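This report concerns only the one structure given below.
Nothing in this text is a laboratory measurement; each read-out follows from the coordinates by a stated rule. The model shown is predicted, which means the values in this text are computed figures rather than measured ones. Positions of Cβ are generated from backbone atoms using ideal geometry, with glycine treated the same way; all protein chains shown enter the neighbour counts.
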Amino acid sequence: MRIGLYPGTFDPITLGHLDIIERAARLVDRLVIGVAINRDKGPLFSLEQRVQMIEEECAELTRRTGTEILVHPFENLLIDCARDVGATVIVRGLRAVADFEYEFQMVGMNRSLDSSIETVFLMADARRQAIASRLVKEIARLGGDVTKFVPEQVNSELRSRFGPVTVKLT
């Protein structure tokens, strides 16, 4: 069985993340979404909320792709998480060249720690390249419309945190 691991903080999960998840699910028999517990980033949503949002959004993807998609919180090294879930491949999404530079360093370190685990990069769909969770939160906090960037349920969660979309009259 081919098991892949797609790690991230997913704070919140975006349409860009879901694009990578759906495409990665076609490459493996089981895809584990590793939700990083990164206290340094100070996430907007709790770990439990992030896991729940991912599980809700991935339920339909599991039905559509036929691939088992599981959610697994982790706080250890990525390579240790991959070992814990039995992954032989780590899936990473790339939006731009700047992402590649960071990811290139990570691959080198991970290969030094365990050369049996490969890393596969999936380029973000052109329509989703600008989406970043950090920017989505900022837009929502300032009253902007994020419906083009996140699933409907995530948009509802953001609206409950920050209030309704502000309409500006010019």
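Observations
- Between 0 and 90 degrees, the angle of helix 15-25 with respect to the longest Cα principal axis of the chain falls at about 30 degrees.
- Residue 2 paired with residue 159, simple spin-label distance in nm, labels 7 Å along Cα-to-beta-carbon: 4.0
- Placing +1 on each Lys and Arg Cβ and -1 on each Asp and Glu Cβ, with no other charges, gives the chain a dipole about its Cα centre of roughly 460 debye.
- Less than 5 angstrom separates the built amide H of residue 74 from those of 35, 36, 37, all sequence-distant by 5 or more or on a different chain.
- Cα centroids of segment 111-169 and segment 25-78: 14 Å apart.
- Restricting the calculation to alpha carbons of segment 84-124 gives Rg and Dmax of 10.6, 30 angstrom.
- Estimated 222 nm signal from helices in the chain, with DSSP H stretches of n ≥ 4 weighted -39500 (n - 2.57), rounded to 500: -14000 deg cm²/dmol
- Principal-axis analysis of the Cα atoms of the chain puts helix 152-162 at an angle of about 60° to the longest axis.
- Once the Cα atoms are used to define both axes, helix 47-65 deviates from the longest principal axis of the chain by about 70 degrees.
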